[in-house]
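The values are calculated or read from the model by the stated rules, or taken from the named source; none is laboratory data. Here the structure is a predicted model, which is why all the values come from computation and not from measurement. FYI the Cβ positions are ideal-geometry reconstructions off the backbone, even for glycines, and counts take in every protein chain you see.
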Amino acid sequence: MENEKASKNFIEQEIDKDLAEGVYNTVCTRFPPEPNGYLHIGHAKSIILNYGLAKEYGGRFNMRFDDTNPTKEKSEFVESILNDIKWLGADWEDRLFFASDYFEQMYEGAVKLIKKGKAYVSDLSADEIREYRGTLTEPGKKDPYSDRSVEENLELFENMKKGVYPDGSKVLRAKIDMSSSNINMRDPILYRVAHMTHHNTGDKWCIYPMYDFAHPIEDAIEGITHSICTLEFEDHRPLYDWVVRELEYPHPPRQIEFAKMYLTNVVTGKRYIKKLVEDGIVDGWDDPRLVSIAALRRRGFTPESIRMFVELCGISKANSSADYAMLEYCLREDLKLKKSRMMAVLDPIKLVIDNYPEGQSEMLTAANNMENPELGTHEVPFERELYIEREDFMEEPPKKYFRLFPGNEVRLMHAYFVKCVGFEKDEEGNVTVVHCTYDPETKAGSGFSGRKVKGTIHWVPVHSALKAEARLYENIVDEEKGVYNEEDGSLNLNPNSLTVLNNCYIEPGIQGAKAYDSFQFVRNGFFCVDYKDSTEEKLVFNRIVSLKSSFKLPK
C-alpha cells in the first residue's frame, strides 16, 4: 500500500483522502478553456490530467467553455478546441457546457450577494479601482460606494442589466476586505457593463460576470468535485471558496493547483501566435512550426506520443521546463513500429544502369517495417533509370564516404549492387546523371555471399515514381537567441524555419495516401500528408521528425 501511495501524484493522494473521509462519494472533473484562441501543448497536459482522473476513479469528465468575455471569443475557436480534445481521446459524452448557459444563475447569485450585504455597485473608474486596491505591500482603501443600501444596490444592478449605463461606468464588487493580505480578496469585481454581442447568447446580456466569480459557480452547478487548475490560480483560491460558501452550494467543489507544462524554445503566447498569423509569417494557427494541438496534429504528431510526453513530464507543484527533444523522442518511440518504410528521394539526380535492359521492369519485395514484421511487405518496380539523392554521389569523396563515387560499388536497397562508371554535368558544373553497371548475381534475397559493400542507398524508379512536395521544419524561433527579444518584446525568428522541396519523388506504392497518413521515408525521417495543401494531383508532405536524435531519457 505504501508503494502504491508513493507512486501516485499529489492530486491523486488528495482525491483518495477526500473519498476516504466521505467529503465526496464520486469524482467529477472538467476542462474549462476560454474560446479565445487555439489550444497548445500546455493545454494537452490539463486535458489529459482531468480526463485521466475521471477515468481512473470511475467518475465523470465535463467539457465546458468559459465564455464570459465576448470581446475575444469566436465560434471558430470553439470548433477547433472541440476537435483537439476529441483527437486527444478525451470523451465528455453528452456533457458539453458553456459558462453562458449559467448566466441567469450567475445573475441570481449576484442578487443574492447584494441581499446578504456582500456585494455593492461602485461608480469608481477602472483607474480609481486600481488606485484604491493598494499594492502587495500596502492595504487598499475603502470604496466610497461600498455603504450603499441593499435597495439602492439592487436597483442599480437591475439598471446595469437593462443597459441603462455605458460601458465602464459601473461595476458590481464583492464586499470582502480591502485590507486583506491577498489582493484578490480586496472587494474584487464580479460584474462589468459591456454592450457586446456574445457568440452564444447574442445581445441578451449587456453585463458579463468576471472569471473569478463565474468559474466557481459553473463548477458548483455541474457538481464538479475537484477543480484542477494551474498554479497561477493558487492566490485566487480564497475567492473561489468565498463565492461557493456565500452562495451556499450544498456540495462545494475543491480547487487543487498543479504546475504548468513549459516547453523550451517554443511560442505558446496567444498574442504572439495571433501576430504571426496576421503578419503572414505562418499560414494559420495550425502551421506545423507552432505547438498548438492543431499544428502538432497537422505536422503528424500522434495523440499517443503527446500522452506519453505528458506522463514523462509528471504532475507536480514546482514549475519546470521540458526539452522539446523529449517530445520528439516520444514521437519517434510511437511511430517507429507503426509506420511503413517507403523510399523517397527529396533532392534527386538521375542514375542510369547502362547494362540493365532498356524497357525492362521487375518487381522487388520491400519490408514495410524492418522492426515490425507484422506490417508485411510491398512491391517496388525496378528499372534502368532511377532517382537517387544528390548527396549519395560525390565526384571527389572525402575519407569514409561509402556511397557512390567513380569506381565504387554500393547496394541499391532491396535490389542489386551497382558500380559507378561515369557521370554527366550541366553547363554550371552540376552533376545531372550518374552512370552505373549492375551485377545481376547480387539481387537482394538471392543468397549472394560473394564480395561485400559498405554502402547502401535508396532510390525510386523514374517512370513510375510520384512527384511530391516535402516541407522540412526547424524551430520557428532562433534557439541561440531564445524565444523573445528582451529589448522590444518581439520574437527572435529563425529565417530558416521552413524549407520547401518541390522536386521530390516517392515510390509509387504511396499513391492514394490521404490527409494525415504518415510514413517513414528511408533516411529522411517521418513524414505526414498535409491536410490543407495536399491534392490528388500533388501530394504535400510535412516532415514530422527526423529519424535520430542525441536525446536520452534521464535515468
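Taking the listed residues ASP123, ASP91, the one that is under 30 Å from SER305 (Cα atoms) and in contact (Cβ under 8 Å) with a residue 12 or more places away in the chain is ASP91, with no other qualifying. Across segment 30-78, what is the number of residues that are of a type in the set (A, V, I, L, M) and either under 19 Å from VAL266 (Cβ atoms) or not assigned by TED's automatic domain parsing to the domain that holds PHE97 (or both)? Of the residues in segment 30-78, 5 are of a type in the set (A, V, I, L, M) and either under 19 Å from VAL266 (Cβ atoms) or not assigned by TED's automatic domain parsing to the domain that holds PHE97 (or both).
Taking every residue in segment 413-428 that is assigned to a loop (DSSP other than H, G, I, E, B) and pairing it with any residue that is of a type in the set (Val, Ile, Thr), at least 6 positions away or on another chain, the pairs with Cβ-Cβ distances below 6 Å are MET413/THR456; TYR416/THR442; ASP426/THR432. Against the conditions (1) β-branched (Val, Ile, Thr); (2) part of a strand (DSSP E or B); (3) more than 33 Å from the chain's Cα centre (by Cα), ILE228 satisfies every one except (3). Among the residues of segment 138-189, those that are aliphatic (A, V, I, L, M) and under 19 Å from LEU239 (Cβ atoms) comprise VAL171, LEU172, ALA174, ILE176, MET178, ILE183, MET185, ILE189. Per the conditions (1) part of a loop (DSSP other than H, G, I, E, B); (2) out of contact with any helix residue (DSSP H, G or I) (no Cβ under 9 Å at 6 or more places or on another chain); (3) of a type outside the set (Ser, Thr, Tyr); (4) buried (at least 22 other Cβ atoms within 10 Å of the Cβ), the sole criterion not satisfied by PRO35 is (2). Looking across segment 244-285 at every residue that is in contact with a Phe, Trp or Tyr (Cβ under 7 Å, 6 or more places away or on another chain) and at pLDDT 95 or above, the one that is surrounded by the most Cβ atoms within 10 Å (Cβ to Cβ) is identified as GLN255. Residue pairs whose Cβ atoms lie under 7 Å apart, separated by 6 or more positions or on different chains, with the first residue in segment 167-187 and outside any loop (DSSP other than H, G, I, E, B) and the second exposed (fewer than 14 other Cβ atoms within 10 Å of the Cβ) and modelled with pLDDT under 95, are ILE183/LEU136.
Taking segment 47-147 and the strands (runs of 3 or more DSSP E) fully enclosed by it, the elements with 3 or more residues that are over 30 Å from SER180 (Cα atoms) and more than 20 Å from the chain's Cα centre (by Cα) are at 60-65, 96-98. Within the option set TYR262, TYR240, TYR324, being touching a residue at least 24 places away in the same chain (Cβ under 8 Å) and over 30 Å from GLU14 (Cα atoms) holds for one residue only, TYR324.
Residues that are in contact with a strand residue (DSSP E or B) (Cβ under 8 Å, 6 or more places away or on another chain) and within 25 Å of MET363 (Cα to Cα): does segment 533-541 have at least one? The answer is yes, given that some residue of segment 533-541 is in contact with a strand residue (DSSP E or B) (Cβ under 8 Å, 6 or more places away or on another chain) and within 25 Å of MET363 (Cα to Cα). Within segment 81-100, the set of residues being surrounded by fewer than 20 Cβ atoms within 10 Å (Cβ to Cβ) and touching a strand residue (DSSP E or B) at 6+ places or on another chain (Cβ under 9 Å) comprises LEU82, ASP91, TRP92, GLU93, ARG95, LEU96, PHE97. Residues that are closer than 19 Å to LYS142 by Cα, surrounded by fewer than 17 Cβ atoms within 10 Å (Cβ to Cβ) and among the β-branched types (Val, Ile, Thr) are absent from segment 193-208. Filtered by the rule that a residue be surrounded by fewer than 17 Cβ atoms within 10 Å (Cβ to Cβ) and of a type in the set (Gly, Ala, Ser), segment 481-510 gives GLY482, GLY489, SER490.
Selection of segment 306-346 for residues being touching a Phe, Trp or Tyr at 6+ places or on another chain (Cβ under 9 Å) and of a type in the set (Ser, Thr, Tyr) yields SER316, SER320, SER321, TYR329, SER340. Among the residues making up segment 534-545, those that are touching a residue at least 24 places away in the same chain (Cβ under 8 Å) and either over 18 Å from the mean Cα position of the chain (by Cα) or assigned to a loop (DSSP other than H, G, I, E, B) (or both) are LYS538, LEU539, VAL540, PHE541.
Does segment 484-492 contain any residue that is assigned to a strand (DSSP E or B), more than 18 Å from TYR272 (Cβ to Cβ) and touching a Leu at 6+ places or on another chain (Cβ under 9 Å)? No, because not a single residue in segment 484-492 is assigned to a strand (DSSP E or B), more than 18 Å from TYR272 (Cβ to Cβ) and touching a Leu at 6+ places or on another chain (Cβ under 9 Å).
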